[in-house]
Amino acid sequence: MQEGPIMHQDIPGVRLSGRPRAGDGPRFEVLEPATGRRIRHVAAGTGRDAGHAVDLAAAALEGWRATPAPQRGAALRAIAGRLRTAHDLAETVTRETGKCLREARAELALAADYFDWYADLTHTLTDQVLSVRLGMRHLVRSGPVGVAAVLTPWNFPVSIPARKIAPALAAGCAVVFKPSELSLLSSLAFTETCEAELPDGLLNTVAGDGAEITGAWLDDRRVRLLHFTGSTTVGRTIAQAAGAALTPVVMELGGRAPFIVLPDADLDEAADTLMVAKFRNNGASCIAANNVWVHEDVRADFLDRLAQRISTLVPGDPLDERTTLGPVRTREMAARLENLIAAPASAGARVHRGPRPEAGGWHVAPTVVVDPPTDTPEWREEVFGPVALVRSFTDLKEPIADASSTGHGLAGYVCTRDAAVGTELLARLDVGIAGVNVATPATPEIPFGGRGDSGIGYEGGLPGLLPFLAHQSIAVPRP
C-alpha cells in the first residue's frame, strides 16, 4: 500500500466534550479513492467509549434543555456560519470520499442551511394553553426526548449528519454520533466545527465497530431515540434491536428511484435532469435515479442526447476544479459496478461508456446500459454509482409496477411538459420525495423520508423536528 503525502500519526476516532481521544477499538485505514493511497489511520473507539459518550451527553442535557430556545437557535446559526467558511473541510470531504470539490462545497452549504432552518424553528417550541373542554384548561409542554443517537453513512459525511444533529440540538437534545468508517476524517472535522459553538458534552462522537457502538447505545435507557441512515439490510438489524429495547427509530434506508421520460418531454431538459439525478455525487446518492424508463417514441432521440452529455463529463482528480466526475469510494465498489455492467452486457444489453482516467484510483467510466433484463439482481438492486440502466416502455403500467416490485419507496422522477400529468403520475408511485423535471427535490424546508423498505419517519421540514420532542399534557380545572 502506497502512503499518501500527509502525516503518519493516527487521528483520534473519539471526541468527548470537545476533546479528541484515541480509542482502543479498531484502527481504520483511510484510503484516498482518487489514488488508492493511504492518507491516515483513525484510532476508533469501543463500547466503553460509547457509554462514556452517553454519560457526558446526559450530564450536558439538563443545561441545554433549560437554555432558552432563541439561544439554542443562535448557536445553530453560528455553526451554519462556520460551515459556510470551512474551506479546509470541503477539501477533506473531496479527498476522502472522491466527490468533486464543487459538490463538497455545495454539501457544506446545504449543511449550513439545515442549521439555519432549524434555528428558525426554535421559535415554535413554546408551551401551549388549550381550552378544549368546558371547565378545563390544558397545558401542553414540549421538550427534548433526551439523548439522541445518530448514525450516518459515508456518501454525504456533513449534510446527512447536519440533517439529524441540527433538529436534535434545536429541540434541546444532546447527541451521541457514530459516523461511517469510510468518512471518518470528514465527519470528525464536521463535529469539531460544531463543538466550537456548543457546551461541552452536548455532542460526542465515537467512531468504531457499528454493531458494538450501536449495541451499547441501545442497551442504555438514557438513549431515547436512534436516528439512522444506511442500507436497508443494516436498518432491519438495527430496527429489530431497537424494537427489543423499545427505542424509537427514524431511518432513511436504500432507494431504487425510477426516472420516467414521457413522450411529450423536452428531451434536452430531460437529459440534463438525468445527468444530475444520476451522476451527481458520482452516483452515490440514495435518491439517485436508478432505473430509467423512456417512452418508446422518444427512446432513440433521448439516448442520443444522453450519450452526447456523458461524453462531455470530465473524470479525474476531484480536487481539480475542471473535474466533473470523481472516483467511487472503494476498490470493492468499483469492482461491483463493473460486474453490474458486465452481467447485462453478456445477456445482450447494449453498453455505452464515457471517458475514464488512464490510471490511478477507483474510477468507473460513466455508463449507460440499454435494455438490461429486468429479472436480474443488476436491475433490481440499488446501483449507487455512475451507471444508468435504461429501458423503454409503451404502457405506463410497466414502470409503475416495476417501481413497486422490490418494496423500496424513497424517490422518483418524471420528465414531461405537463406538470399536472407529472404530479398525477408521481401520486401513483409509492415514494416519499419526487421531482417533475427536477433532479434535486430535497431541501431543508420540506420533509424527506422513505416508504416501505426505504425507511421509517421523516427528516427535514417541521416533521424532521418532531421525533426529537416529547410532550407532556396537564389538565387543570378552571377556577
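Any read-out appearing in this document is the output of simple, stated calculations on the displayed coordinates, not a laboratory observation. Predicted, not measured: the structure shown is a model, and the values here were computed from it. As a convention, Cβ positions derive from the backbone with ideal geometry for all residues, glycine included, and neighbour counts pool all protein chains shown.
The table below lists the values:
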| quantity | calculated |
| --- | --- |
| Mean residue ellipticity (222 nm) of the chain, computed from DSSP H runs ≥ 4 via -39,500 (n - 2.57), nearest 500 | -11500 deg cm²/dmol |
| Difference of contour (0.36 nm per residue) and Cα-Cα distance, Arg141 to Ala22 | 38.8 nm |
| Rg/Rh (Cα only; Kirkwood hydrodynamic radius) as it applies to region 41-174 | 1.08 |
| Those residues of region 91-132 whose amide nitrogen sits under 18 Å from the label point placed on Gln71, 7 Å along Cα→Cβ | 119-120, 122-127 |
| Computed E for Thr237/Glu381 - FRET, C-beta separation, R0 25 angstrom, nearest 0.05 | 0.85 |
| Order by protection proxy (mean Cβ within 10 Å, highest first), peptides 86-96, 462-472 | 86-96, 462-472 |
| Cα long-axis angle, helix 159-171 against the chain (0 to 90 degrees, to the nearest 10) | 20 degrees |
| Residue order, fewest to most surrounding Cβ atoms within 10 angstrom, among Met136, Met333 | Met136, Met333 |
| The chain - percent relative contact order, Cα under 8 Å, separation 6 or more | 18 percent |
| Length added when fully stretched, Thr374-Ala211, from 0.36 nm per residue minus Cα-Cα | 55.3 nm |
| Distance between modelled label sites at Val351 and Glu338, nm, 7 Å Cα→Cβ extension | 1.0 nm |
| Spin-label model distance (nm) - Asp297 vs Ala470, 7 Å beyond Cα toward Cβ | 5.9 nm |
| Helix 184-195 axis, angle to the chain major axis (alpha carbon atoms, nearest 10°) | 40 degrees |
| Helix 101-121 axis, angle to the chain major axis (alpha carbon atoms, nearest 10°) | 40 degrees |
| Label zone at Arg102, where the point sits 7 Å out along the Cα-to-Cβ direction: region 278-316 residues whose backbone N lies under 13 Å | 280-281, 313-315 |
| Order of Thr85, Thr247, Thr152 under a 10 Å beta carbon neighbour criterion, fewest first | Thr85, Thr247, Thr152 |
| Kirkwood hydrodynamic radius of region 257-443, from inverse mean 1/r over distinct Cα pairs, in Å | 16.5 Å |
| Beta bridge orientation in the chain: antiparallel %, DSSP, nearest 5 | 45 percent |
| Residues in region 257-282 reached by a label modelled at Asp418 [backbone nitrogen below 11 Å; 7 Å Cα→Cβ] | 263-265 |
| Förster radius 56 Å - calculated FRET efficiency between Asp219 and Asp304 (Cβ-Cβ, nearest 0.05) | 0.45 |
| Equivalent-ellipsoid semi-axes of the chain, from the Cα gyration tensor, Å, largest first | 39, 29, 19 |
